[in-house]
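The values are calculated or read from the model by the stated rules, or taken from the named source; none is laboratory data. Not measured: the values here are computed from a predicted model. Ideal geometry is used to build each Cβ from the backbone, glycine not excepted, and the neighbour counts take in all protein chains shown. Surface areas here come from the heavy atoms of the whole protein model, side chains and all, with no ligands, DNA or RNA. Shrake-Rupley method; radii C 1.70, N 1.55, O 1.52, S 1.80 Å.
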Amino acid sequence: MSINVGILAIQGDVQENIDATKRAVTELGLDGNVIPVKTPEEISNLDGLIIPGGESTTIGHLSLVNSSLKKIKEKIEKGMPVLGICAGMIMLSKTASDRIIGKTDQPLLEFLDIKLERNSFGRQRDSFQADISMDSIDIPVFNGVFIRAPSVSDVGSGVQVLSKFNDKIIAVKQGNIIGTAFHPELTQDTSLHKYFVNLVSTSRN
Amino acid sequence: MLPLSGERSDAKGIVCDKSSSGDVLHGTSTLKRGFAHMLKNGVVMDVTNVEQAQIAEEAGAVSVMVLDKLPSDVRKAGGVARTASIRIIEEIMSSVTIPVMAKCRIGHVYEARVLEETNVDMIDESEVLTPADETHHIWKWDFTTPFVNGARSLAEALRRIEEGAAMIRTKGEPGTGNVAEAVTHIKKVNDELRAIKAIYDSGDNQDLVRMAREFKVSYDIVEETAKLGRLPVVNFAAGGIATPADAAYLMSLGCDGIFVGSGIFNATDAKERARSIVLATTFWNEPEKVKEAQKMIDERQSMLGLDVKTLELRMQERGSSA
């Protein structure tokens, strides 16, 4: 049976995630559909979802408009694996505040039991690329692309820390929910997308 | 994975910090172009003060562009239009969470330096302001901050990318509330992309070399672009967008997102208009939703607008020959 992986196509770098996920599916030799999703109907057929990078305030407000936020919530509650990248991780978090502005009033999915700091490394001039590691999921080296990236300042007991950079938490996993502060879809390395596709495939069986 | 054609490894804007965990790079093409990719399917709104910036953020804008005057007011005021007050840019940066952009004059290296030091997230080297150099644009590889530039044709777009622009937008005709020119520019770029893609697919390298000479850019960037069949950077629509239907139309022509200048804050229903243009940009391929967005605004409150044929000042021509 083929798996359906959706990329939330409200705003942000949707196409780059479609490309990376398609490559991951092919490299794993799996049978899978990778599709952009926007409506609750499209989301209801998914086995896994990626919430891509973009502006979290924009994605949040707009996914409220057509009730896709509610549908995503239902699916995650039923155990659907989800990968949140940068803005996507912000969307998945319970609380988010901006490094400068403080607490933000924005729609969140409130799953990841983490304290999240937006724009944690500074503005665009401070955006950076550096090698990081995610040993606990067998990815020893990964080139992290951090663009106005958030970080996690605190995690609850059910949350596994996958990676840190300069003492800041930059990747987490809680059950079938993964959040990263960096953008794996902007590199050639598909190892994180492969890890996620595998997770989707095994949780479906 | 990002297309990185035209990238320069010797770019002075790339800064390398050594840390205990290895090299930390800033200002690479991946980071600059990647930033622009995060704005896709979004709306960037021109603002002149904190209040407007907050309205834009609440409406769902992906970024705000700070100017001293909205483009239509620049037209009315005449004189020399320069970069915005740094104090206002800083006030806006400390009151919204979305990225903040600002404009500098074409070729004005030091307005750009000042904006980089202010820490804006992107610099627009813009024809809305009075050009400071008629023959040169800024060599943008020298900056860590990414740039966006306007273009009316594929040749102009590729010249700007070769100078280091991380994002392209149509020029349109700013401050007119008239989309006609933006439509012309995106269609021209699309036609020219189709033409070089066809040449690439036919395997006629001699003809690609001819195109590179005509465009006044290197063969490599023409070949890469022809192979991709699209610009190697994100391409937004700008210049004259005033309504949700305008935004949806330009998205349907293949633009990656929208810049709105005077169209929002020169209308008398700014809040509704900002929100409705965001909705129409997101759901452009669902006409029912675009209709709902269009219904949120009142045409009697749109900016009056200008017929492009009668204009004395055509901003789009600034910097085109270089």
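For B:Thr225, the criteria (1) open to solvent by less than 30 Å² (accessible area, probe 1.4 Å); (2) assigned to a loop (DSSP other than H, G, I, E, B); (3) over 30 Å from B:Leu304 (Cβ atoms) hold in every case but one, which is (2).
The single residue among B:Ala237, B:Ala245, B:Ala293 that is open to solvent by less than 20 Å² (accessible area, probe 1.4 Å) and farther than 26 Å from B:Leu158 by Cβ turns out to be B:Ala293.
The set of residues from region A:100-113 being over 14 Å from the mean Cα position of the chain (by Cα) and not charged (D, E, K, R) comprises A:Ile100, A:Ile101, A:Gly102, A:Thr104, A:Gln106, A:Pro107.
When restricted to residues that are open to solvent by 10 Å² or more (accessible area, probe 1.4 Å), charged (D, E, K, R) and not in a helix (DSSP H, G or I), region B:113-148 contains 2.
What are the pairs, 6+ residues apart or on separate chains, where a residue within region A:76-98 that is away from chain B (no Cβ under 13 Å) and without any contact (Cβ under 8 Å) to a residue 24 or more places away in the chain has its Cβ under 8 Å from a residue that is among the acidic types (Asp, Glu) and assigned to a strand (DSSP E or B)? These pairs meet every condition: A:Lys94/A:Asp113. I'd like the full set of residues that are open to solvent by less than 60 Å² (accessible area, probe 1.4 Å) and within 14 Å of another protein chain (Cβ to nearest Cβ), limited to region B:261-274. Across region B:261-274, the qualifying residue is only B:Ala274. Scanning region A:1-50 for residues that are within 13 Å of another protein chain (Cβ to nearest Cβ) and in contact with a Gly (Cβ under 6 Å, 6 or more places away or on another chain) turns up A:Gln11, A:Gly12, A:Asp13. Restricting the search to region B:184-213, which residues are closer than 26 Å to B:Val308 by Cβ and more than 22 Å from the chain's Cα centre (by Cα)? Matches in region B:184-213: B:Ala195 only. Scanning region B:42-53 for residues that are more than 13 Å from the chain's Cα centre (by Cα) and either acidic (Asp, Glu) or closer than 10 Å to B:Ile98 by Cα (or both) yields B:Glu51, B:Ala53.
When residues in region B:12-31 are screened for being without any contact (Cβ under 8 Å) to a residue 12 or more places away in the chain and more than 15 Å from A:Phe182 (Cβ to Cβ), 6 of them pass. Looking across region A:167-190, the residues that are among the polar types (S, T, N, Q) and either farther than 22 Å from B:Phe35 by Cα or in a strand (DSSP E or B) (or both) come down to A:Gln174, A:Asn176, A:Thr180. Tell me, please, whether a residue that is away from chain A (no Cβ under 12 Å) and under 21 Å from A:Ile59 (Cβ atoms) can be found in region B:54-61. Within region B:54-61, one or more residues are away from chain A (no Cβ under 12 Å) and under 21 Å from A:Ile59 (Cβ atoms).
Regarding B:Gly6, is this residue more than 20 Å from B:Pro99 (Cβ to Cβ) and at the interface with another protein chain (Cβ under 7 Å from one of its Cβ atoms)? No.
Here the condition is being surrounded by 15 or more Cβ atoms within 10 Å (Cβ to Cβ) and within 12 Å of A:Met89 (Cβ to Cβ); of A:Val145, A:Val161, A:Val172, it holds for A:Val172 alone.
Taking the criterion of being under 18 Å from A:Pro81 (Cβ atoms) and within 14 Å of chain B (Cβ to nearest Cβ), the residues of region A:181-205 that qualify are A:Pro184, A:Glu185, A:Thr190, A:Ser191, A:Leu192, A:His193.
Taking the conditions exactly as written (open to solvent by less than 30 Å² (accessible area, probe 1.4 Å) and polar (S, T, N, Q)), does A:Thr21 satisfy them or not? Yes: the conditions hold for A:Thr21. Checking each residue in region A:98-108 for being of a type outside the set (Val, Ile, Thr) and open to solvent by 40 Å² or more (accessible area, probe 1.4 Å) picks out A:Arg99, A:Lys103, A:Asp105. In region A:100-111 there is no residue matching the filter, namely being assigned to a helix (DSSP H, G or I) and facing chain B (nearest Cβ under 10 Å). Checked against (1) open to solvent by 30 Å² or more (accessible area, probe 1.4 Å); (2) touching a strand residue (DSSP E or B) at 6+ places or on another chain (Cβ under 8 Å); (3) within 28 Å of A:Asp154 (Cβ to Cβ); (4) part of a helix (DSSP H, G or I), A:His61 passes all but a single condition, namely (2). The set of residues in region A:131-141 that are buried (at least 21 other Cβ atoms within 10 Å of the Cβ) and within 12 Å of another protein chain (Cβ to nearest Cβ) contains only A:Ile132. For region B:26-43, the set of residues classified as aliphatic (A, V, I, L, M) and either more than 8 Å from chain A (Cβ to nearest Cβ) or in a helix (DSSP H, G or I) (or both) consists of B:Leu31, B:Ala36, B:Val43, listed by residue number.
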